[in-house]
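What follows is a short report on a single structure.
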Amino acid sequence: MAAKLKKGDKIVVLAGKDKGKEGVIASVNPSSGKAVVEGVNIAVRHTRQSQNDQGGRVPTAMPIALSNLALLDSNGKATRVGFREEDGKKVRFAKTTGETV
């Protein structure tokens, strides 16, 4: 199945502790069905001091399920993603506005 959400997409969180937050997708893992979003689902990781790093408590964005994310359209509202062909190429489009993503 084609990827409805990709790296660099602006999204909004639909469910979970960060519901309503907006962010940009940093990475996507299709096999596990999860994505890492900047500023969303933050967990504190404790790192040991090394020669290069100070160490301590480091906030890190953890993966969140793709089913809990929705693309933001040009109006700033959550939308579903559809596919259609334009000029012989398969493109994604926002279902609410009909604009290509």
Residues of the range 83-101 satisfying the condition of being under 24 Å from Lys19 (Cβ atoms) and open to solvent by 70 Å² or more (accessible area, probe 1.4 Å): Lys95, Thr96, Val101
Condition met for Arg57 (of a type outside the set (A, V, I, L, M), in a strand (DSSP E or B) and open to solvent by 70 Å² or more (accessible area, probe 1.4 Å)): yes
Single residue of Val58, Val101 found to be among the β-branched types (Val, Ile, Thr), touching a His at 6+ places or on another chain (Cβ under 8 Å) and modelled with pLDDT under 95: Val58
Condition check for Val24: open to solvent by 40 Å² or more (accessible area, probe 1.4 Å) and not basic (Lys, Arg): yes
Test: residue in the range 35-42 that is touching an Asp or Glu at 6+ places or on another chain (Cβ under 7 Å) and without any contact (Cβ under 8 Å) to a residue 60 or more places away in the chain: yes
Arg80 vs. criteria open to solvent by 90 Å² or more (accessible area, probe 1.4 Å), charged (D, E, K, R) and either modelled with pLDDT of 95 or more or within 17 Å of Lys7 (Cα to Cα) (or both): yes
Residue pairs meeting the criteria (Cβ under 9 Å; at least 6 apart or on separate chains; first of a type in the set (Asp, Glu), in the range 79-101; second in a loop (DSSP other than H, G, I, E, B)): Glu99/Asp73; Glu99/Ser74
Where Leu14 falls short, out of the listed (1) open to solvent by 50 Å² or more (accessible area, probe 1.4 Å); (2) farther than 30 Å from Phe93 by Cβ: (2)
Qualifying residue in the range 41-50 (condition: more than 30 Å from Gly98 (Cβ to Cβ), open to solvent by less than 30 Å² (accessible area, probe 1.4 Å) and not in a loop (DSSP other than H, G, I, E, B)): yes
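The values are calculated or read from the model by the stated rules, or taken from the named source; none is laboratory data. The structure presented is a predicted model; accordingly, all values stated were derived computationally and were not measured. Here Cβ is always computed from backbone atoms with ideal geometry, including for glycine, and neighbour counts include all displayed protein chains. Accessible surface areas use protein heavy atoms only, side chains included; no ligands, DNA or RNA. Shrake-Rupley method; radii C 1.70, N 1.55, O 1.52, S 1.80 Å.
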